[in-house]
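Participant: After the structure tokens below, expect a handful of questions from me.
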Amino acid sequence: MSTRELTKLGLMIALQCVSCYIIIPLPFSMSPIALVTLIVNLNGMVLNVKQSLMSMTAYLLLGLAGLPIFTGGAAGPGKLFGPTGGYLFGWLVAAAIIAYLRPEKYDFKRYAFLGCVISIPVIYLFGVVQLQMITHMGWSKAIMTGAIPFIPLDIVKAVAAAYIAGPVLKIFNNR
């Protein structure tokens with residue numbers, strides 16, 4: 001890999017780590033509102049599939065190893081395999097799918113569409129399934145506490161990521 005590619009990966013991993021500290025706890029949910037989904041979408045929008053998988057996998061492995069980089073400064077296998085760990089796995093899959101489906105040339109509407117229609121459902125699918133499996137709460141409660149309250153702001157974050165992706169791609173692709 002070139003120095004340029006490694007720099008892009010390092011930057012995206014760092015943004016992912018920092019974004020997990022920007023949270024708003026919710027009293028009715030185990031998952032807080034976090035800036036992290038914006039960065040997950042941005043990851044898929046500015047990196048290719050291989051790079052996206054590498055940066056998200058590195059992020060998950062760093063957190064699994066004990067660095068306090070998961071949402072709210074959590075870390076370790078308890079977080080990754082606990083009730084809210086499915087969202088972490090969803091981030092990996094969502095970023096890779098966006099990277100695979102995004103057009104080569106920047107298109108704000110297409111990027112925003114991918115963030116809203118692909119990323120959000122993929123993240124919630126992984127998150128809600130693991131939440132339900134670990135806590136044994138009913139499916140409707142898992143959906144109501146692990147997905148529904150987050151949809152409006154996640155749409156805003158997906159659109160913001162699409163907007164930010166344009167200038168970031170110009171910087172990343174400027175030789």
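Participant: Determine whether residue 112 is touching a Leu at 6+ places or on another chain (Cβ under 7 Å), in a helix (DSSP H, G or I) and surrounded by 15 or more Cβ atoms within 10 Å (Cβ to Cβ). Steps first, please.
Facilitator: Working: touching a Leu at 6+ places or on another chain (Cβ under 7 Å): no; in a helix (DSSP H, G or I): yes; surrounded by 15 or more Cβ atoms within 10 Å (Cβ to Cβ): yes.
For residue 112, the condition - touching a Leu at 6+ places or on another chain (Cβ under 7 Å), in a helix (DSSP H, G or I) and surrounded by 15 or more Cβ atoms within 10 Å (Cβ to Cβ) - is not met.
Participant: State which residue pairs qualify: first residue within 19 Å of residue 41 (Cα to Cα) and inside the range 75-91, second residue charged (D, E, K, R) in any location, beta carbons under 9 Å apart, and separation of 6 or more residues or different chains.
Facilitator: 85/79; 88/79
Participant: Check 121, 149, 103, 167 and return the single one that is touching a residue at least 12 places away in the same chain (Cβ under 8 Å) and more than 20 Å from residue 17 (Cα to Cα). Lay out the reasoning, then the answer.
Facilitator: On the way: 121 fails: touching a residue at least 12 places away in the same chain (Cβ under 8 Å); 103 fails: touching a residue at least 12 places away in the same chain (Cβ under 8 Å); 167 fails: touching a residue at least 12 places away in the same chain (Cβ under 8 Å).
Selected residue: 149, the only one of 121, 149, 103, 167 that is touching a residue at least 12 places away in the same chain (Cβ under 8 Å) and more than 20 Å from residue 17 (Cα to Cα).
Participant: Could you run through the range 115-125 and say how many residues are open to solvent by 20 Å² or more (accessible area, probe 1.4 Å) and over 19 Å from residue 26 (Cβ atoms)? Step through it out loud before you land on a result.
Facilitator: Kept after step one, since they are open to solvent by 20 Å² or more (accessible area, probe 1.4 Å), are these residues of the range 115-125: 116-118, 121-122, 124-125.
Filter once more, keeping what is over 19 Å from residue 26 (Cβ atoms): 116-118, 121-122, 125.
Matching residues across the range 115-125 total 6.
Participant: Check off (1) in a helix (DSSP H, G or I); (2) under 18 Å from residue 146 (Cα atoms); (3) among the aliphatic types (A, V, I, L, M) for residue 96 and give me the number that stays unchecked.
Facilitator: (2)
Participant: What tally of residues in the range 10-34 results from selecting those that are more than 23 Å from residue 144 (Cβ to Cβ) and surrounded by fewer than 21 Cβ atoms within 10 Å (Cβ to Cβ)? It would help to see each step written out before you state the result.
Facilitator: The initial filter retains those residues of the range 10-34 that are more than 23 Å from residue 144 (Cβ to Cβ), namely 10-22.
Then drop every residue that is not surrounded by fewer than 21 Cβ atoms within 10 Å (Cβ to Cβ), which leaves 10-11, 13-15, 17-19, 21-22.
Summing the residues that are more than 23 Å from residue 144 (Cβ to Cβ) and surrounded by fewer than 21 Cβ atoms within 10 Å (Cβ to Cβ) in the range 10-34 gives 10.
Participant: Moving on. Among the residues that make up the range 12-23, is at least one of them assigned to a loop (DSSP other than H, G, I, E, B), out of contact with any strand residue (DSSP E or B) (no Cβ under 6 Å at 6 or more places or on another chain) and modelled with pLDDT of 95 or more?
Facilitator: There is no residue in the range 12-23 that is assigned to a loop (DSSP other than H, G, I, E, B), out of contact with any strand residue (DSSP E or B) (no Cβ under 6 Å at 6 or more places or on another chain) and modelled with pLDDT of 95 or more.
Participant: Test residue 123 against the stated conditions and say whether it is modelled with pLDDT of 95 or more and not hydroxyl-bearing (Ser, Thr, Tyr).
Facilitator: In short, yes.
Results for (1) at pLDDT 95 or above; (2) closer than 30 Å to residue 174 by Cα, shown as yes or no for each residue.
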position: 25; (1), (2): no, no
position: 36; (1), (2): no, yes
position: 39; (1), (2): yes, yes
position: 53; (1), (2): yes, yes
position: 56; (1), (2): yes, yes
position: 62; (1), (2): yes, yes
position: 65; (1), (2): yes, no
position: 72; (1), (2): no, no
position: 77; (1), (2): yes, no
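Participant: Can you name the helices (runs of 4 or more DSSP H) wholly within the range 36-89 that have at least 3 residues being farther than 20 Å from residue 151 by Cβ, of a type in the set (Gly, Ala, Ser) and open to solvent by less than 10 Å² (accessible area, probe 1.4 Å)?
Facilitator: Values: elements: 36-46, 49-64, 77-80.
The helices (runs of 4 or more DSSP H) meeting that bar are 49-64.
Participant: Residues being part of a helix (DSSP H, G or I) and either more than 19 Å from residue 34 (Cα to Cα) or among the hydroxyl-bearing types (Ser, Thr, Tyr) (or both): count how many of those fall in the range 122-155. Talk me through it step by step, then tell me what you get.
Facilitator: Within the range 122-155, the subset part of a helix (DSSP H, G or I) is 122-135, 139-146, 148-155.
Keeping just the survivors that are either more than 19 Å from residue 34 (Cα to Cα) or among the hydroxyl-bearing types (Ser, Thr, Tyr) (or both) gives 124, 129, 132-135, 139-141, 145.
Here the count works out to 10.
The values are calculated or read from the model by the stated rules, or taken from the named source; none is laboratory data. Since we're looking at a predicted model, the values are computed, not measured. Using ideal geometry, Cβ is built from the backbone for each residue, glycine included, and neighbour counts are taken over all protein chains shown. Surface areas here come from the heavy atoms of the whole protein model, side chains and all, with no ligands, DNA or RNA. Shrake-Rupley method; radii C 1.70, N 1.55, O 1.52, S 1.80 Å.
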